[in-house]
Amino acid sequence: MNRAALRGIDGSFTPTPHASLLPPIALLGGALSWLLFKLNEVVPEPYMDEIFHAPQTQKYCNGHFDEWDPKITTFPGLYLVSTLYSRAITSLSSGEFCSLPVLRSMNVLFTLGNAVLCVLLRRHVAPQDPHAHLHALRVALFPPLLFFAFLFYTDAGATFFVLLMLLLAEQVDLRQYPPARGSFVLSAVSGAIAVLFRQTNIVWVVFVAGTVVVRCVELAHGKFIYGSSKEEASASGTSIVTHRMETIPAVEIGVRSCSVPGSCSVATCGVRRGIIVFRSSFST
């Protein structure tokens with residue numbers, strides 16, 4: 001189904017029926033599990049930074065929470081979550097407690113979770129997009145992220161909790177209390193866990209908090225910012241940015257340059273009804 005088929009009589013787009021997530025996620029999970037199995041055969045020992053992460057987690061699994069490798073520069077979020085995960089896996093299967101294959105398998109689950117969250121986020125921000133699954137697949141197969149999906153690293157888990165934080169915050173309807181979907185409290189908890197996985201995620205915590213502030217300001221002062229409410233501008237099919245910029249008077253500035261006597265060039269830049277216009281001319 002193409003986008004033209006989704007356009008209504010009034011020119012607006014309506015959300016498309018969403019296909020089930022289960023078949024593509026099951027297929028992706030099977031492929032990732034097979035690749036993990038082959039990796040464990042070829043690389044059974046800790047690889048690269050796993051020589052730091054795996055032993056530290058195994059210390060936590062043995063209850064030695066007071067022991068810390070000074071070469072590790074991240075917070076202990078990965079090791080705490082991995083300890084809980086390993087205990088759960090051991091109670092449900094015959095896998096060796098806190099072994100490297102078990103620890104690596106957690107990142108495969110996080111990678112699957114990232115794909116699911118990407119689909120849900122895409123459906124939320126662009127409900128008219130019929131290709132949310134492909135969008136999520138592009139993210140899941142992004143080479144730097146895919147490479148670390150099979151190793152016991154912080155990447156997959158850190159990304160998972162950042163995406164979860166964003167989704168929970170975006171789903172909150174600020175006009176409804178209590179919200180039917182999403183939760184700022186759970187979003188904050190997810191953000192805290194993301195920082196425990198990798199401290200640089202504090203940037204994304206601030207980013208998500210900033211988007212919430214912007215939404216609150218839009219809700220309270222939408223008519224002042226856009227000239228009408230955000231919903232009215234969107235419903236009329238008019239870009240809310242263009243709607244506001246059309247009220248700005250035409251402005252134009254120019255620069256005249258003469259490289260040799262009798263030969264000059266003029267470059268101007270202006271804004272007319274919200275459109276940025278560049279012009280250049282030569283004169284002799």
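Listing for the model above:
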| quantity | calculated |
| --- | --- |
| Contacts under 9 angstrom Cβ, first residue in region 185-208 being on the phi < 0 side of the Ramachandran plot, partner outside any helix (DSSP H, G or I) and loosely packed, with under 15 Cβ neighbours inside 10 Å, 6 or more apart | 199/73 |
| Close pairs from region 109-131: first farther than 25 Å from residue 78 by Cβ, partner assigned to a helix (DSSP H, G or I) and modelled with pLDDT of 90 or more, Cβ under 9 Å, at least 6 apart | 124/167 |
| Residues that are of a type in the set (A, V, I, L, M, F, W, C), under 24 Å from the mean Cα position of the chain (by Cα) and either under 10 Å from residue 112 (Cα atoms) or surrounded by 15 or more Cβ atoms within 10 Å (Cβ to Cβ) (or both), drawn from region 22-41 | 25, 26, 28, 32 |
| Count of region 58-85 residues which are part of a helix (DSSP H, G or I) and either in contact (Cβ under 8 Å) with a residue 60 or more places away in the chain or of a type in the set (D, E, K, R) (or both) | 6 |
| Condition broken by residue 198, with the remaining ones in (1) at pLDDT below 70; (2) assigned by TED's automatic domain parsing to the domain that holds residue 81; (3) buried (at least 16 other Cβ atoms within 10 Å of the Cβ) satisfied | (1) |
| Test: residue 105 is in contact with a Cys (Cβ under 9 Å, 6 or more places away or on another chain), crowded, with 16+ Cβ neighbours inside 10 Å and assigned to a helix (DSSP H, G or I) | no |
| Pairs with Cβ under 7 Å, 6+ apart, first in region 145-170 and within 16 Å of residue 74 (Cα to Cα), second at pLDDT 85 or above and not in a helix (DSSP H, G or I) | 154/74; 154/198; 158/198 |
| Any hit, region 60-69, residues being more than 18 Å from residue 198 (Cβ to Cβ), surrounded by 11 or more Cβ atoms within 10 Å (Cβ to Cβ) and under 30 Å from the mean Cα position of the chain (by Cα) | no |
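The values are calculated or read from the model by the stated rules, or taken from the named source; none is laboratory data. Predicted model, so just to flag it, every value in this text is computed and none were measured. We place every Cβ from the backbone using ideal geometry, glycine too, and count neighbours over all the protein chains shown.
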